[in-house]
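Worksheet: one structure, shown below.
Just so it is clear, none of the values below were taken in a lab; they were calculated from the coordinates. What you see is a predicted model, and the numbers here were worked out from it, not measured in a lab. Cβ coordinates were reconstructed from backbone atoms using ideal geometry, including for glycine residues, and neighbour counts include every protein chain displayed.
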Amino acid sequence: VPFPNFHCSFFLDLRMWPTSVTPSKPIETFVFMDLEATGLPPSQPKIAEMCLFAVSRHSLENPQYSNPRPKPLPLLPRLADKLSVCINPDKLFTPAASSITGLTNEAFAMNRKQTFNLHLLHMIVAFFRRQHPPICLVAHNGYGYDFPLLKAELSALGHLALDEIYCADTIKAMKALDSENNQLQQFAYQPSAPGSRKKYALRDLYFKFYREYPPNSHNAEGDVIALINIFQQRASDLMCWMDSNAIPFNSIRAMYKENERYASFS
Ligand code: DCM
Ligand code: MG
Ligand code: MG
């Protein structure tokens, strides 16, 4: 049992996972991340914008609330380290990516933005070094997109590992929490209502909790803030799930290998 004194009611079965692949003690810093990029796989996208918000477990366990009318809402943690960077992707945006993000190759060129280079790598590593470990990167659809894409960019610089950093995907976590709740409900003979198909897109979860769509979608910082707002609605369960289910960032496979980008031309 990894955490004998945890008040964690979820997923006892996941303790069958080798304990060495999850953090050895509770995660202390959650680094919420979102990436904007030139497109979706299989186009081998390149990152165009990256936002990291590092928030302590303490802040997430002790939220402040807005004025109670009409309804008290958790405020963004006052103490958060933030890194938001524009990155010249050095690759053409797909029309869809350009349209939803508002980012264009011309704008990066006109504003003389640098590529995903060693300066940025050093910023990211230094940013993590300032956080109290264990550290967990958190992204919405992170396993499907953000983590493999970040891994591809780091690998292209020859930086294969981010040691002592874990990662967790909030879509996977939310689905796991919901399915656990559904199993509990089955004991009470409460079949889920017809038409209640669960939707897990960032904007749908945000709407479910806040009854409006999130502002600044497809802007890395806007998406990170929306993700934190969603996370705050179920923070204790999500943190508990991540303590037991976060995986090492080093176990993430790159979305593609840089030299394969040119393989089809040879
Ligand atoms: N993306 C895309 N087309 C979509 C959705 C996303 O090309 N329909 C790409 C471009 C975005 C990136 O994925 O910059 C990240 O998506 P999101 O803004 O949802 O984080
Ligand atoms: Mg995203
Ligand atoms: Mg985004």
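Across the alpha-carbon set of segment 40-140, the Rg to Rh ratio works out to 1.07, Rh being the Kirkwood radius.
Residue pairs exceeding 31 angstrom between C-alpha atoms, taken from Lys46/Lys71; Lys91/Lys175; Lys46/Lys82; Lys82/Lys208; Lys25/Lys257: Lys46/Lys71; Lys91/Lys175; Lys25/Lys257. Where a ≥ b ≥ c are the square roots of the eigenvalues of the C-alpha gyration tensor, would you call segment 211-251 rounded, which needs a/c under 1.5, or, failing that, prolate if a/b is larger than b/c, or oblate? Oblate. Each part gets one Cα centre, and for segment 38-60 versus segment 159-182 those centres are 14 Å apart. Evaluating 6.51 cos²θ - 1.76 cosθ + 1.60 at θ = phi - 60° for every residue in segment 68-84, the Karplus couplings come out as x, 9, x, 7, x, 10, x, 7, 4, x, 5, 9, 9, 8, 10, 9, 10 Hz, glycine and proline recorded as x. Note on Gln114/Ser217: beta-carbon distance plugged into 1/(1 + (r/R0)^6) with R0 of 30 Å gives a FRET efficiency of 0.70. Net length available on complete extension from Arg69 to Asn181 is 37.4 nm, with 0.36 nm assigned per residue and the Cα-Cα distance removed.
Counted residue by residue at 0.36 nm each, then reduced by the alpha carbon distance between them, the extension gain from His122 to Leu92 reaches 8.3 nm.
Loop-located trypsin sites (Lys or Arg not before Pro) in segment 69-134 (DSSP state not H, G, I, E or B) with no more than 14 neighbouring Cβ atoms inside 10 Å: Arg78, Arg112, Arg130. The slack between Asn141 and Ala161, meaning 0.36 nm per residue of separation minus the straight C-alpha distance, is 5.1 nm. Pairwise inverse Cα distances across segment 41-95, averaged and inverted, put the Kirkwood hydrodynamic radius at 14.5 Å.
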